[in-house]
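To start, the structure under review is shown below, and the notes come after it.
Each value in this text was obtained by applying a stated rule to the coordinates, not by laboratory testing. Because the structure is a prediction, the values reported are computed rather than measured. For neighbour counting, all protein chains shown are included, and Cβ atoms are generated from backbone atoms with ideal geometry for every residue, glycine included.
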Amino acid sequence: MSARIKPLVAGNWKMNGLKSNQAEFYKMIAGIPDDLAESVDAMICAPATLIAALADKAGKGAMAVGGQDCHAEASGAHTGDISAEMLADAGASAVIVGHSERRADHGETDSDVRAKAQAAWRAGLVAIICVGETETQRKAGDAVSVVERQLEGSVPDGATAENTVIAYEPVWAIGTGLTPTAGDVADMHKAMRQALVGRLADAGGSMRLLYGGSVKPANAGELMAVSNVDGALVGGASLKADDFLGILDAYSRS
Ligand code: PEP
């Protein structure tokens, strides 16, 4: 981890969560130590249907609430879509854009992701921009060049440490229980840092770079210790309060 950057641990509930699952969120809030916010920022990116209820419950406490995607436009004839303004209105403070599941399932391109990040900023949200290579690309030795290309195409000019977070999520590590070696994560995060500093100068040096892909309480400490890892984007393990609290604990102690 870069010593001067406060880590963010963001949970991504994906398409999981009914009203009955709010209890798990309440358990998380209740389990967060009073002084956590001094060392770690915590967030759950919930399905749109739950954002308002969770944000009301979270209030101004240690847990923020985010969305998982937004449309590039503020409003209009886009049936089924949700705008960044709507997420902000519901109480979100951030939104994930460019998750590999959106890129794969909905054919989202880097320029789509860039437009969504700009929409997030327009609504006053932090854009959590996801990048990451597939297994085939890693095996071909192309992981770093793929991620550098995604960063170049997906991160808009004007990105700052305040309005943008980058999440490196190797596609093959998502939901599989597999993780890259600490050395591979270090190499990728160093390459991302260099690319962002090259393009954004100081803003790139202080932007949070999260690692995501099968983060669990058992491996969180090791991943957090990697240079240039400034937090985690957590899928499956964010659905259970005990697991998510365990990850927050590992990050608060590093
Ligand atoms: C994710 O999809 O953002 C993710 C990191 O999932 P998991 O932790 O389940 O691998």
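Among residues belonging to region 233-254 that are small (Gly, Ala, Ser) and near the ligand (Cβ under 8 Å from one of its atoms), point out the one that is nearest to residue 185 (Cα to Cα).
Across region 233-254, the extreme among qualifying residues is 235.
Do we find a residue being closer than 18 Å to residue 45 by Cα and touching a helix residue (DSSP H, G or I) at 6+ places or on another chain (Cβ under 8 Å) anywhere in region 145-165?
Scanning region 145-165 turns up at least one residue that is closer than 18 Å to residue 45 by Cα and touching a helix residue (DSSP H, G or I) at 6+ places or on another chain (Cβ under 8 Å).
For residue 218, only one of the following conditions fails: (1) more than 12 Å from the ligand (Cβ to nearest atom); (2) in contact (Cβ under 8 Å) with a residue 24 or more places away in the chain; (3) closer than 17 Å to residue 251 by Cα; (4) of a type in the set (Gly, Ala, Ser). What is its number?
Exception for residue 218: condition (2).
Please go through region 60-90 and pick out each residue that is crowded, with 18+ Cβ neighbours inside 10 Å and among the charged types (D, E, K, R).
69, 85, listed by residue number.
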